[in-house]
Amino acid sequence: MLTSLFLTLAALSNPSDALLEAAAQGDSNKVEVLLQSGVPSNARDQHRQFTSLHNAAAQGHVEICNKLIASGAAVNATDWHGATPLVSAAYSGKLDVVDLLILHHAKLDIVPLAAPTALIAAIMSGDDAVVTRLLVAGANPTLRDFSGQSPIEAAKSAGLQKIVSLLDAAKSQGQQR
């Protein structure tokens with residue numbers, strides 16, 4: 001099996017594409033072999049500029065995210081919209097990946113050029129556990145995204161009253177400091 005993987009790798013014109021695909025599909029063994037063969041952990045999609053870490057984060061592949069980070073993947077890499085892997089994980093509601101990225105010092109309050117902040121992405125997913133985790137980690141509950149929308153406006157427009165309450169509480173705590 002390993003030999004056939006190396007033959008497949010040799011046949012590819014761009015091994016970085018194979019890493020991007022393996023990360024998205026959750027193929028941990030293939031990711032391991034590709035990284036060991038020298039494919040850069042920060043491989044990027046040529047069109048959207050997603051990294052392998054963006055792909056793995058969006059799909060919730062914690063083990064692959066760990067491997068990529070251990071191999072030097074940039075936790076705060078941005079795609080063509082300015083979104084980081086944390087935004088990808090938050091938007092997909094992948095709490096375990098959010099935890100891992102926070103542990104590895106993912107920046108919580110990056111305002112992408114044309115994408116939501118990590119907190120607004122979590123709100124858009126409707127996942128109050130991810131919203132809570134980001135707030136506890138220190139995400140700014142009032143930080144507006146590229147369009148000027150605040151987290152509370154995003155939650156209200158989606159009818160997410162529990163998240164509105166979480167944001168109100170976080171905002172109140174921030175003002176008491």
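Across 5 Å bins from 0, what is the distribution of all Cα-Cα pair distances for the range 36-107, in whole percents?
Computed distribution, short to long bins: 3, 20, 33, 27, 13, 4, 0.
Based on DSSP H runs of at least 4 residues, each adding -39500 (n - 2.57), what is the mean residue ellipticity at 222 nm of the chain after dividing by all its residues, to the nearest 500 deg cm²/dmol?
-17000 deg cm²/dmol
Projected onto the charge dipole of the range 2-176 (+1 at Lys/Arg Cβ, -1 at Asp/Glu Cβ, origin at the Cα centre), which of Ile152, Pro85, Gly174 gives the Cα projection farthest towards the positive end?
Of Ile152, Pro85, Gly174, it is Gly174.
With an 8 Å cut-off on Cα pairs and a minimum separation of 6 or more residues, tell me the relative contact order of the chain in percent.
Dividing the mean separation by the residue count of the chain yields 14 percent.
Tell me, in nm to one decimal, what length is gained between Gln25 and Lys156 on full extension, where the rule is 0.36 nm per residue of separation less the Cα-Cα distance?
Details: separation 131, 0.36 × 131 = 47.16 nm, distance 3.41 nm.
So the chain would gain 43.7 nm between Gln25 and Lys156.
Can you work out ³J(HN,Hα) from phi for every residue in the range 142-155, in order, using Karplus 6.51 cos²θ - 1.76 cosθ + 1.60 and θ = phi - 60°, giving whole Hz and x for Gly and Pro?
Those phi angles translate into 10, 5, 7, 8, 4, 8, x, 7, 8, x, 5, 5, 4, 5 Hz.
Over its Cα atoms, what ratio of radius of gyration to 2.2 N^0.38 Å does the chain give?
Working: Rg = 17.5 Å, N = 177, 2.2 N^0.38 = 15.7 Å.
Ratio of Rg to 2.2 N^0.38 Å for the chain: 1.12.
Order 69-82, 131-144, 88-101 from most to least packed using the mean count of other Cβ atoms within 10 Å.
88-101, 131-144, 69-82
Trp80: net charge of surrounding residues, Cβ under 13 Å, Lys/Arg +1, Asp/Glu -1, itself excluded?
Numbers: positive: Arg44, Arg48; negative: Asp45, Asp79.
Around Trp80, the surrounding residues sum to 0.
Net charge around Asp45, counting only other residues with Cβ within less than 12 Å of its Cβ (Lys, Arg = +1; Asp, Glu = -1)?
-1
Any chance you could list P(r) for the range 87-177, counting all Cα-Cα pairs in 10 angstrom bins from zero, rounded to whole %?
Taking every Cα pair in the range 87-177, the percentages come to 19, 56, 24, 0.
Every read-out reported here was derived from the displayed coordinates using simple, explicitly stated rules and does not represent laboratory data. Predicted, not measured: the structure shown is a model, and the values here were computed from it. Neighbour counts run over all protein chains shown; Cβ positions are idealised from the backbone, glycine included.
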